[in-house]
1. Just one of (1) modelled with pLDDT of 70 or more; (2) under 60 Å from the mean Cα position of the chain (by Cα) trips up residue 67, so point out which.
2. Please verify whether residue 82 is closer than 30 Å to residue 61 by Cα, modelled with pLDDT of 85 or more, surrounded by 10 or more Cβ atoms within 10 Å (Cβ to Cβ) and of a type outside the set (Ser, Thr, Tyr), treating the condition exactly as stated.
3. Sort through 189, 169 and tell me the only one that's at pLDDT 65 or above and of a type in the set (Asp, Glu).
4. State yes or no: is residue 145 at pLDDT 65 or above, hydroxyl-bearing (Ser, Thr, Tyr) and either open to solvent by 90 Å² or more (accessible area, probe 1.4 Å) or within 60 Å of the chain's Cα centre (by Cα) (or both)?
5. So is residue 291 acidic (Asp, Glu), surrounded by 10 or more Cβ atoms within 10 Å (Cβ to Cβ) and assigned to a helix (DSSP H, G or I) or not?
6. Give the number of residues within region 1-54 that are open to solvent by less than 90 Å² (accessible area, probe 1.4 Å) and either among the aliphatic types (A, V, I, L, M) or outside any helix (DSSP H, G or I) (or both).
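The values are calculated or read from the model by the stated rules, or taken from the named source; none is laboratory data. Given the structure is predicted, the values throughout are model-derived calculations rather than measurements. Every residue, glycine as well, gets a Cβ built from its backbone with ideal geometry; the counts of neighbours run over all protein chains shown. Note: accessible area is taken over every heavy atom of the protein model, side chains too, but ligands, DNA and RNA are not part of it. Shrake-Rupley method; radii C 1.70, N 1.55, O 1.52, S 1.80 Å.
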Amino acid sequence: MIRHDQIGQLLQSREKDDRKRLAKSLEEYRHRNQQKEDRREWDINNPEAVRKGQPARVSDDDPRLTVSGLQRFQGEDLSSPVRKKVQQEQMREWIRQQATERHHKEEQQQEADRLHALKMMETDERAMDLAIAEEETRRALLMATKLYNKAQAEEMAARRDMERRQEADDNFTETTNALHGDMLTENPDVARSAFGPHRVVPDRWKGMSPSQVAEVRRIQNEQVMEKQRKLEAERREAAEWDRRRLAEARCATLLERREERARQELNQIQVLNNQQLAQEQKLKKEKLDKEVYTNPPNENFFLQFNTSTR
């Protein structure tokens, strides 16, 4: 009996422990997986829903904002603090970049100024060297020019002396040849040309002979007579043309007069025809007025219209 009681107590204690473990496990499961926040209706029963929920408007680009919600109006700017902060950060970054660039430019300018000063010093030294070399070259050129001019002057003086002696010899030879030559002796044979008897050498010709002068005058007289004959023929031809022009002008005048008389006669015939037609039209009008149009309408004829509804 005692053993069975002990076994019963042991089983009861084990069952009790199992129930505790099961209750603990169930409680842990409920605490872990069945919280109030996991319920379907928790959004309705949550006491912190208003405090923890999103406001009706979060930002200007909130997709929940609609026209009928009346949450966004013209001119509002909720992101102004964030934008101002971003702008201030951008301004600080720009100022830092500008300062860096200014410092870099100042360093570059200082380096450029240093290089420019070195370049100017080098240029000045080179200019001084070139000036010294140019001055030495100029002096050497002046000395060479002076020596060359001196040599040229001596050579020119020697050439002039030689030309003077040569000119004196040439003048003496020319005078001797002129005195004993055919130029001053006026020999006509020296003017004959080797190309024919009718040609002469101009620089040796002394003039024509009397027979040549007579021949020239005879030819001139014949030319004068021929010119007079041509002028007389031209005068007769001009007189004949003048006579023909006068005859043609006279014929043209006669034709114009004849045409004028024919035109006047035609005008007279036209005037007579017009007068006859005017007389006939006048007689026809009088006949129509007296015989055809004898009953002209009066005021009574026009008063009969618009007197009834028909």
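1. (1)
2. Working: closer than 30 Å to residue 61 by Cα: yes; modelled with pLDDT of 85 or more: no; surrounded by 10 or more Cβ atoms within 10 Å (Cβ to Cβ): yes; of a type outside the set (Ser, Thr, Tyr): yes.
Here the answer is no, as residue 82 does not meet what is asked.
3. Numbers: 189 fails: at pLDDT 65 or above.
Step by step, each of 189, 169 is checked, and only 169 is at pLDDT 65 or above and of a type in the set (Asp, Glu).
4. Details: at pLDDT 65 or above: yes; hydroxyl-bearing (Ser, Thr, Tyr): yes; either open to solvent by 90 Å² or more (accessible area, probe 1.4 Å) or within 60 Å of the chain's Cα centre (by Cα) (or both): yes.
Yes; evaluated as a whole, the condition is true for this residue.
5. On the way: acidic (Asp, Glu): yes; surrounded by 10 or more Cβ atoms within 10 Å (Cβ to Cβ): no; assigned to a helix (DSSP H, G or I): yes.
No.
6. Residues that pass the stated criteria total 9.
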